[in-house]
Structure formats: structure tokens, C-alpha cells
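What follows is calculated from the coordinates using simple rules that are stated; it is not laboratory data. Just so it is clear, the structure is predicted and the values come from calculations on it, not from any experiment. Neighbour counts are summed over all protein chains in view; Cβ atoms, including those assigned to glycine, are modelled from backbone coordinates with ideal geometry.
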Amino acid sequence: MQVQGNLNLINPLQHQFLLVFITLSSCGPELRAIPTAVHTTFSFVHTIENDSPAYKAGLRVHDEIISFGHISSAKHFQDIASLVKDKEGQSIPVKVLREGQVINLSLTPARWQGKGLLGCHILVNQ
């Protein structure tokens, strides 16, 4: 329990997720191997419009973005706009971290009644 509580404090501050499985032997104090998966995020969903392509794809406010198409770092954050424009009507794989769970989405940029091709505002992590 204490480990999980500490991970919840670290994740929002550092935009990283550490998945830790600890198995203790019931026969003694043996501690088995601890596999760890680290998912670094580079941006997050700040706002999203209902009925927008982003909302329909499953994107939600506060989702932390691990990858957006081929983009997976803040260094290339500005490339998202070009990717969205170039992929109008085509599916873009988006991997997000939501409440400690990695979720794979398929987002198709499209014209809709609102602004832009996605209907959401994505900000880079600070």
C-alpha cells in the first residue's frame, strides 16, 4: 500500500508512470524480481470539446500523452499540428496515460462543427 501511495504522488509531478509488481514469498522474507515499465509523457490534454473527433476517439481532459503518431517527445511537440493536418481523415495512433493505465487510442482528424480538426487543446509538459 505504501508503495502505491508514493507512486501516485510522483506521477503527476514528474509525468512518469512506474509499474511495479512486487511478489513476496509466503515462505520467508525473499523478495523476487521487480519488473518495471516506465512511460514518459511529453504533453497532456488541457481541454476537449464534446462530440469532437478527439472526444469520440476516447481522449479525455488530463490524459497524459506518451505518443501521438510517431511523436513521443516535447522536442517534436510542434510537429503535432502538421501531422494532424497531413492525416485528415486518416487514423493516428495515440498512446495516453490515464489514472495510471496506458490506453491505446485511434484518433482521426476531421472537420466537424467546432474549431480545428481535433476539438481539443494539447499542452506540452513543463
Q | Residue-wise HN-Hα coupling along the stretch 87-101, computed from phi with Karplus coefficients 6.51, -1.76, 1.60 (Hz; x: Gly, Pro) | A | 9, 3, x, 10, 6, 10, x, 10, 10, 10, 10, 10, 6, x, 10
Q: Please give the net charge around R98, taking every other residue with its beta carbon less than 14 angstrom from that of R98, where Lys and Arg add +1 and Asp and Glu add -1.
A: -1
Q: Using label points projected 7 Å from each Cα along Cα→Cβ, tell me how many nm separate S73 and Q126, to one decimal.
A: 2.3 nm
Q.
Out of the GluC sites (Glu not before Pro) in the stretch 33-126, which ones are loop residues according to DSSP with at most 15 other C-beta atoms within 10 Å?
A. E88, E99
Q. If you stretched the chain out fully between N50 and K85, how much longer would it get, using 0.36 nm times the residue separation minus the C-alpha to C-alpha distance?
A. 10.5 nm
(Q) How far apart, in nanometres, would the label points at V61 and N104 be if each is projected 7 angstrom from Cα along the Cα-to-Cβ direction? (A) 2.9 nm
Q) For a paramagnetic label modelled at 7 Å from the Cα of R111 toward its Cβ, which residues of the stretch 40-59 fall within the zone defined by backbone nitrogen distances under 16 Å? A) 53
